[in-house]
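Visitor: The structure is given below, and queries will be raised subsequently.
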Amino acid sequence: MGETPETEAADPRFRDLETRPLADTLAALLAGQGRAIEAVSAALPALEGAVAAARPRIEAGGRLVYCGAGTSGRLGLLDAVELRPTFGWPADRALAILAGGPESLLAAREGAEDDAEAGGHGVDALDLGASDVLLAIAASGRTPFTLAACRRAGERGALTIAFANSAGSPLLSAAEHGVLLRTGPEVLAGSTRLAAGTSQKIALNLFSTALMISLGRVKGGRMVAMRASNAKLRARAASMLVAISGCEPEEGMRTLEACDFDVTAALRLLSQGGGGE
C-alpha cells in the first residue's frame, strides 16, 4: 500500500482531543486551520506558474475543468460555479468531474474515489483537448479517480495542474504543474475537510481570481464582468460604473439599463459619449 500520506498521519499532540474542554478544542482546531494559510503562502510561486500556463489555453477558447473526489471535488465544483456570477464566465467553460457523479454533492460516496476507470471516462466524456485545463485536486495526492483523470487529460494534450497536500505524491508528479499545499497532519487525524480542505479552497480562489484578472475581467479592482442578476448586484453594478467612469448616478443607471446591466458594455458606451438617454 505504500507510505501513509502526510494528511492521514496522527499528530500525537492531539491524542486527548476528545477529553479537552470545549474552549481548548476550538482553539486547537483554529490553530490547525492556520496551517492552511502558511501552506498556500509557500505555494505562491507554483500558483503563479500555473496561472501563467493556463492563461494562453483559456485565451484560445479552452475550458477550466475541476476534478476530484469527496471534499476536494466539491470544493472544485464550488469554484467552477462561482466563476459565472463573479466574472460572467460561460458556464460551459467551467466544468467539474466528480467521483460518484452529481449525486456525490449531497451524499458522500467515499468508495467512488477508488474508481480509476471512471476518472479516465470522465475526461473522455468531456472530450478534453489541447486548449483545456484540468485542475486535479486531492489531499493525499494519490486518489485513484483523480490520478487517472489527470493522466488521461495529459495524454489528450490538456494542461494538467494538480493541488495536493502531501509532498512527493503521485498526483503532483503526474501533472504538468504541481501545487503542493503542505498542511501536515490534521488536528482530527485524517479529517482533510479541515486544514487541507481550507488550503484547497484558498488556492483555488487565488488561481481562478488571478486568472480572471489576467483575462481582463477586472477593472479598477472591481468585478466589472459580473452578472447583475438581483437587486443587490444591480446596485453594486451602478456603484462600480460611477466610481470607474465618474459619471453621475442617474446617467450611470440609464446606461446600465440600456446595456442590460453589463458593466463592461456600459463603460464602453460612456467612453464613446453615448450614455443612456
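The values are calculated or read from the model by the stated rules, or taken from the named source; none is laboratory data. Bear in mind the structure is a predicted one, so any value in this text is a computation, not a measurement. In this analysis, Cβ positions are derived from the backbone assuming ideal geometry, glycine residues included, and neighbour counts consider all displayed protein chains.
Visitor: If I ask for residues that are modelled with pLDDT under 95, surrounded by 17 or more Cβ atoms within 10 Å (Cβ to Cβ) and either touching a helix residue (DSSP H, G or I) at 6+ places or on another chain (Cβ under 6 Å) or in a helix (DSSP H, G or I) (or both), which ones from segment 194-222 would you list? Reasoning before the result, please.
Guide: Looking only at segment 194-222, we keep the residues that are modelled with pLDDT under 95, and these are 216-222.
Then drop every residue that is not surrounded by 17 or more Cβ atoms within 10 Å (Cβ to Cβ), which leaves 217-218.
The answer is Arg217, and nothing else.
Visitor: Residues that are buried (at least 17 other Cβ atoms within 10 Å of the Cβ) and either modelled with pLDDT under 95 or not assigned by TED's automatic domain parsing to the domain that holds Thr209 (or both): list the helices (runs of 4 or more DSSP H) wholly contained in segment 1-118 that include at least 1 such residues.
Guide: Counting at least 1 such residues, we get 70-87.
Visitor: Need the failing condition index for Leu256 against (1) assigned to a loop (DSSP other than H, G, I, E, B); (2) touching a Lys or Arg at 6+ places or on another chain (Cβ under 8 Å), just the number.
Guide: Only one criterion is unmet by Leu256, namely (1).
Here is a yes/no grid of residues against (1) among the aliphatic types (A, V, I, L, M); (2) within 20 Å of Ile58 (Cα to Cα); (3) touching a strand residue (DSSP E or B) at 6+ places or on another chain (Cβ under 7 Å):
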| residue | (1), (2), (3) |
| --- | --- |
| Glu103 | no, no, no |
| Ala108 | yes, no, no |
| Gly111 | no, no, no |
| Glu117 | no, no, no |
| Gly120 | no, no, no |
| Asp127 | no, yes, no |
| Ala130 | yes, yes, no |
| Thr143 | no, no, no |
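Visitor: Could we say that Ala237 is of a type in the set (A, V, I, L, M, F, W, C), part of a helix (DSSP H, G or I) and not assigned by TED's automatic domain parsing to the domain that holds Ala46 here?
Guide: It is true that Ala237 is of a type in the set (A, V, I, L, M, F, W, C), part of a helix (DSSP H, G or I) and not assigned by TED's automatic domain parsing to the domain that holds Ala46.
Visitor: Okay, moving on. Restricting to segment 70-85, count the residues that are more than 16 Å from Ala139 (Cα to Cα) and within 13 Å of the chain's Cα centre (by Cα).
Guide: The qualifying residues number 7.
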